[in-house]
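*Asks:* Okay, here's the structure, questions in a sec.
Nothing in this text is a laboratory measurement; each read-out follows from the coordinates by a stated rule. Keep in mind the model is a prediction, meaning the values are calculated, not measured. All Cβ positions, glycine included, derive from the backbone under ideal geometry; neighbour counts span all protein chains shown.
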Amino acid sequence: MAEEANTILKTGTTVTTGASSSAAIAIPTNKGGTIRYVRAVALAGGGYVKFGSSAVSATANDILITTVPQILCVAGCTHFAHIQASSAQTINITPVEG
C-alpha cells in the first residue's frame, strides 16, 4: 500500500475566525524559509480562508477549511485572511516542506 506523508518541521499559525474578514496574516514559512504548500485544518466546524498578498480579504465564497486536513499549494502567496462560516472557529495553517 502506498503511503502519502507530508513533512512538517516548523510551527504553524492558529487563528480564530470572526464575522468579518481578518486582517492579512503572513503565511508561515517552511524550514527553508519558503512558502509553497500548507496544511490547513479547523478544530471544529469550519471557516473560509483566502491566500494572496498583504491586501488579501476573505469572503464566504473562498476555500472552506473543515476538520479534514487539506494540503494546499500557496506558491506565490505571502498572506492569508479568514472569516467564520456560521460561528467563530479555530483554524491552523502549518507550512509543509517540499
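*Asks:* Test of understanding: express the Cα radius of gyration of the chain as a ratio to 2.2 N^0.38 Å, with N the residue count.
*Replies:* The chain yields a ratio of 1.03.
*Asks:* May I pose another question? Please give the contour-minus-distance gain from Ala60 to Ala5: 0.36 nm per residue of separation, less the Cα-Cα distance, rounded to one decimal in nm.
*Replies:* So the extension gain works out to 16.8 nm.
*Asks:* Something else: Tally Lys/Arg at +1 and Asp/Glu at -1 over every other residue whose Cβ is under 9 Å from the Cβ of Ile8; what's the total?
*Replies:* Once positives and negatives cancel, what remains is +1.
*Asks:* Could you tally the net charge around Ile65, taking each other residue with its Cβ under 11 Å from the Cβ of Ile65, Lys/Arg +1 and Asp/Glu -1?
*Replies:* +1
*Asks:* Under a Cβ-Cβ cut-off of 12 Å, what is the net charge of the residues other than Thr34 that fall near it, where Lys and Arg count +1 and Asp and Glu count -1?
*Replies:* +2
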